[in-house]
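A.B. asks: Below you will find the structure I want to go over with you.
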Amino acid sequence: MRVLIVDDEALARSRLKSLLADCTAPGALVVGEAANLAQAMQCVAHQAVDLVLADIHMPGGDGLALAQALRALPSPPAVVFVTAHMEHALQAFELEALDYLTKPVRLERLQASLQKVERLTHMNKGLEADLADETLLIQERGRTERLPLSEVLYLKAELKYITVRTASHTHMLEGSLSDLESRYASRFLRIHRNALVARQAVRSLERHHDAAEGDGWAVRLDRVSEPLFVSRRQLAAVKALIEAR
């Protein structure tokens, strides 16, 4: 299991490394250390990480902000908070943190967290294998076809229909954009209340003026000519995705 330790205190990082070395199965390999959010994001951008052990109170962006940025990655690592403060526990679990350890960390609690991560990793690998074969059922002009999700570049809500865009075609689909987001979160990132984009297709983020939205930002996708407007609420997630590459 590849572990990244994020804590602004060198002594705290050293203690966690020692505890990890004492853990039995699953084995843990510390692949990096970071003292702040920016360093942590650089680490996950350049190597595979299964688990991030993160302090909450750090300069330059706290552990909660780090967890939110990690969620925007195509394959986000599991997050376990390691902190002396209990007041953020509820917010941590709302960000889908896998566990919440209080300092000083006990070996048996850390061991239990590693086992949780191992179970989650096995589940996700099985899910990724299933996703490779997933399709959308498109019904148009009296015929039905299965469209592989891997070909979809973006999904955009238009009145009561959803526009499904591939490199060569535009399809119409009945359904809920929120439902598609929850089912296929590993493939698509919400950039606006009315749009999801394929994570792997995002090429760049640029300044943009939209007739309806005004001045703001838009993403450019591979094999799509038009820019897609990004809402202010989703801007941080889009930036995190691009910076992680």
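A.B. asks: Among 219, 224, 152, which is more than 19 Å from residue 68 (Cα to Cα) and in contact with a Pro (Cβ under 8 Å, 6 or more places away or on another chain)?
C.D. replies: 219
A.B. asks: Might you check whether a residue that is at pLDDT 90 or above and in contact with an Asp or Glu (Cβ under 7 Å, 6 or more places away or on another chain) occurs anywhere in the stretch 47-59?
C.D. replies: Within the stretch 47-59, one or more residues are at pLDDT 90 or above and in contact with an Asp or Glu (Cβ under 7 Å, 6 or more places away or on another chain).
A.B. asks: Within the stretch 16-23, is even one residue farther than 29 Å from residue 200 by Cα and assigned to a loop (DSSP other than H, G, I, E, B)?
C.D. replies: Yes, because at least one residue in the stretch 16-23 is farther than 29 Å from residue 200 by Cα and assigned to a loop (DSSP other than H, G, I, E, B).
A.B. asks: Among the residues of the stretch 155-186, how many are in contact (Cβ under 8 Å) with a residue 12 or more places away in the chain, part of a helix (DSSP H, G or I) and farther than 17 Å from residue 202 by Cα?
C.D. replies: 2
A.B. asks: What pairs come up if the first residue lies in the stretch 18-42 and is in the same structural domain as residue 104 (by TED's automatic domain parsing) and of a type in the set (Asp, Glu), the second is surrounded by fewer than 17 Cβ atoms within 10 Å (Cβ to Cβ) and not in a helix (DSSP H, G or I), and their beta carbons are under 6 Å apart, counting only those six or more places apart or on different chains?
C.D. replies: Going by the 6 Å Cβ cut-off, there are no qualifying pairs.
Matching residues to (1) in contact with a Phe, Trp or Tyr (Cβ under 8 Å, 6 or more places away or on another chain); (2) basic (Lys, Arg); (3) at pLDDT 90 or above:
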position	(1), (2), (3)
62	no, no, no
92	yes, no, no
115	no, no, no
122	no, no, no
125	no, yes, no
139	no, no, no
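A.B. asks: Among what's in the stretch 94-108 and is loosely packed, with under 13 Cβ neighbours inside 10 Å and at pLDDT 90 or above, pick the residue that is farthest from residue 55 (Cα to Cα).
C.D. replies: 108
A.B. asks: Residues to consider are 203, 223, 199; find the one that is surrounded by fewer than 16 Cβ atoms within 10 Å (Cβ to Cβ), under 18 Å from the mean Cα position of the chain (by Cα) and under 26 Å from residue 76 (Cα atoms).
C.D. replies: The conditions single out 203.
A.B. asks: If you go through the stretch 44-67, how many residues are surrounded by fewer than 18 Cβ atoms within 10 Å (Cβ to Cβ) and under 22 Å from residue 28 (Cα atoms)?
C.D. replies: 4
A.B. asks: With the structure loaded, tell me whether residue 189 is buried (at least 22 other Cβ atoms within 10 Å of the Cβ) and assigned to a strand (DSSP E or B) or whether it fails that test.
C.D. replies: yes
The values are calculated or read from the model by the stated rules, or taken from the named source; none is laboratory data. Given the structure is predicted, the values throughout are model-derived calculations rather than measurements. Note that we place each Cβ from the backbone using ideal geometry, even for glycine, and neighbour counts take in every protein chain shown.
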